[in-house]
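Participant: Just passing along the structure, written as structure tokens.
The values are calculated or read from the model by the stated rules, or taken from the named source; none is laboratory data. This is a predicted model, so every value here is computed, not measured. In this analysis, Cβ positions are derived from the backbone assuming ideal geometry, glycine residues included, and neighbour counts consider all displayed protein chains. Note: accessible area is taken over every heavy atom of the protein model, side chains too, but ligands, DNA and RNA are not part of it. Shrake-Rupley method; radii C 1.70, N 1.55, O 1.52, S 1.80 Å.
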Amino acid sequence: MNTVTLIDNRTGKKYDFDILSSTLGPDVIDVRKLYTSIGMFTYDPGFTSTASCSSTITYIDGDKGELRYRGYDITDLATKKSYLDVCYLLLNEKLPTKTQLTAFDNELRKRSFIHEGLKGLFNAFPDRAHPMAMMSSAVSALSTFYYEHLNVANKEEALVMAHRIIAKIPTLAAFTYRRSLGIPYIYPDIERSFTENFLYMMRAYPGENLEIRDVEIRALDTIFTLHADHEQNASTSTVRSVASTGAHPYAAISAGINALWGRAHGGANESVIAQLEIIADVKNVDAFIARAKDSNDEFRLMGFGHRVYKNFDPRAIILKKLLDSLKDELGIDDNLLKVARRIEEIALNDPYFIERKLYPNIDFYTGLILTALKIPKSMFTIIFVIGRSVGWITQWIELQNDTEMKITRPRQRYIGEKNKIL
Ligand code: CMC
């Protein structure tokens, strides 16, 4: 076993720590015995240098702009496979055969219905409630219907739990939208597959046999694929943290949805379009870029920067190509597109952005495509939720089978008052 040696300058004492190898990416220093051997903690706010688990699901090389699910490159998956292929891959560690894919698709169609009682929950929300708040509540409420008989050690049961949440989330998502408008809920159509069904439930009038264009299904399916998993990001770490206490998987996913809502994470897609609408014209772009660069101004260019990607976000490259190829067919808002392109052009050539390695991320382009799909801004982060649900539940399954799993419980560096007397 290779080791690294830490020398405490105060005492001259040396301590060896094992180096655990990875199949791709940086090896890790095993510091689990650090506190018991040295009596000190590591200090890493935001976990910029800390691996919280071992995983076989997703690999990211942020410097190279590389993203892989179960070893497959994201560009290959997004251009050659469907979202359901990707869901199957994440859950089963291999791509499905045609027969397996059909069986998986059929199972999801049948599991897409929700308990009638849940409609009462939606009806209880005030008008104009944000879809993300309704969504996290509804997913948490799902645990009340599927609480019994959960034996997580049983692989089949864990997969049923997974299929159920992946299948029901689009229905819950469409219900949040219809509730926010006060229009009748549309039940899933068993004749339609996953992505088409979601657009149908969003748009149809009761009883209407609405046709959804193939180009729209393909575009949204790709967006779901690009969001399917992203290793230990803020929402996934939240899911793992909550699940580590033994909480119900849907309660953990509900917590993940809340973590995703913030602007620094999944909420950025809603903020990007809001920002493009405020900038409104290419002639205003320079002023907003100047604000983004001003350290005294809290303004940030939404859809730019990423904690891990320091070269480019491969998901953004795929979406940019998709946007260019489907621009006319989808009817992308030309003015917003012009503003977005100008921002991109200036930022990619500006030393402020170059030095800080700030590139457009996935959220910079999704909003433009989603707007063309007639999905309202308030539903953008919900689209992220639909795509990511498979990632969260796959990470939950991995956690249940991880023999090194422990309740998440970070330590702290205390810098408060000492020994105050009343
Ligand atoms: N606009 C202007 N300046 C920025 C931006 C931005 N969007 N992002 C980072 N910076 C600057 C920041 O001010 C700092 O400058 P300095 O070194 O002078 O203090 C430097 O770049 C490093 O920023 P950081 O906040 O320390 O970086 P981080 O890794 O902690 O944050 C981030 C990553 C994504 C939260 C951040 O880049 C950000 O807020 N971006 C805008 C929100 C956004 O688009 N989020 C979506 C992320 S992709 C979807 C997902 O996976 O969630």
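Participant: Answer with one residue from ILE38, GLY12, SER112: the one whose Cα lies farthest towards the positive end of the charge dipole of region 1-138, charges on Cβ with Lys, Arg +1 and Asp, Glu -1.
Facilitator: Of the candidates, SER112 comes out farthest on the positive side.
Participant: Related question: Could you compute the longest span of the chain free of GluC sites (Glu not before Pro) located in DSSP loops and having at most 14 other Cβ atoms within 10 Å, not counting the site residues?
Facilitator: The reported range is 299-403.
Participant: Among ILE346, ALA153, LEU276, which residue has its Cα furthest toward the positive end of the charge dipole of the chain, with +1 on Lys/Arg Cβ and -1 on Asp/Glu Cβ?
Facilitator: ALA153
Participant: Apply the a/c threshold of 1.5 to the C-alpha gyration tensor of region 62-193 and tell me whether it is rounded, prolate or oblate.
Facilitator: Details: a/c = 1.88, a/b = 1.55, b/c = 1.21.
Prolate.
Participant: Additional query: Give the accessible area for TYR43 in Å² (nearest 10); use a 1.4 Å probe, count only protein heavy atoms, and leave out ligands, DNA and RNA.
Facilitator: 150
Participant: Through the Karplus equation 6.51 cos²θ - 1.76 cosθ + 1.60, θ set to phi - 60°, convert the phi angles of region 183-193 into ³J(HN,Hα) values in whole Hz; use x for Gly and Pro.
Facilitator: 9, x, 5, 10, 6, x, 9, 4, 7, 10, 7
Participant: Enumerate by residue number the trypsin sites (Lys or Arg not before Pro) in region 365-409 meeting two conditions: DSSP loop (anything except H, G, I, E, B), and at most 15 other Cβ atoms within 10 Å of the site's Cβ.
Facilitator: Here the sparse-neighbourhood loop sites are LYS374, LYS406.
Participant: Turning to a different aspect of this structure: With every protein chain present, what accessible area does ILE289 have (1.4 Å probe, heavy atoms only), rounded to the nearest 10 Å²?
Facilitator: We get 10 Å² for ILE289.
Participant: Follow-up question, since we're still on this one. Based on alpha-carbon centroids, what's the gap between region 1-64 and region 286-328 in Å, whole number please?
Facilitator: 32
Participant: Would you please name the trypsin sites (Lys or Arg not before Pro) within region 144-210 that are DSSP coil residues with at most 13 other C-beta atoms within 10 Å of their C-beta? If you can, show how the numbers build up before the last one.
Facilitator: Values: sites: LYS155, ARG164, LYS168, ARG178, ARG179, ARG192, ARG203; in loops: ARG192.
Counting only loop positions with at most 13 other Cβ atoms within 10 Å, none of the trypsin sites (Lys or Arg not before Pro) in region 144-210 qualifies.
Participant: With a length cut of 27 Å (Cα positions projected on each helix's long axis) and a Kyte-Doolittle mean of at least -1.0, go through the chain and give me the DSSP H helices that pass. Provide the component values of the computation, followed by the final result.
Facilitator: Numbers: long enough: 155-181 (40 Å, 0.23); 380-400 (30 Å, 0.98).
Qualifying helices: 155-181, 380-400.
Participant: For the chain, what is the mean residue ellipticity at 222 nm derived from helices alone (per DSSP H run of n ≥ 4: -39500 (n - 2.57); sum divided by total residues; nearest 500 deg cm²/dmol)? Spell out each step's value before the answer.
Facilitator: On the way: 18 runs with 223 residues, N = 422.
That comes out to -16500 deg cm²/dmol.
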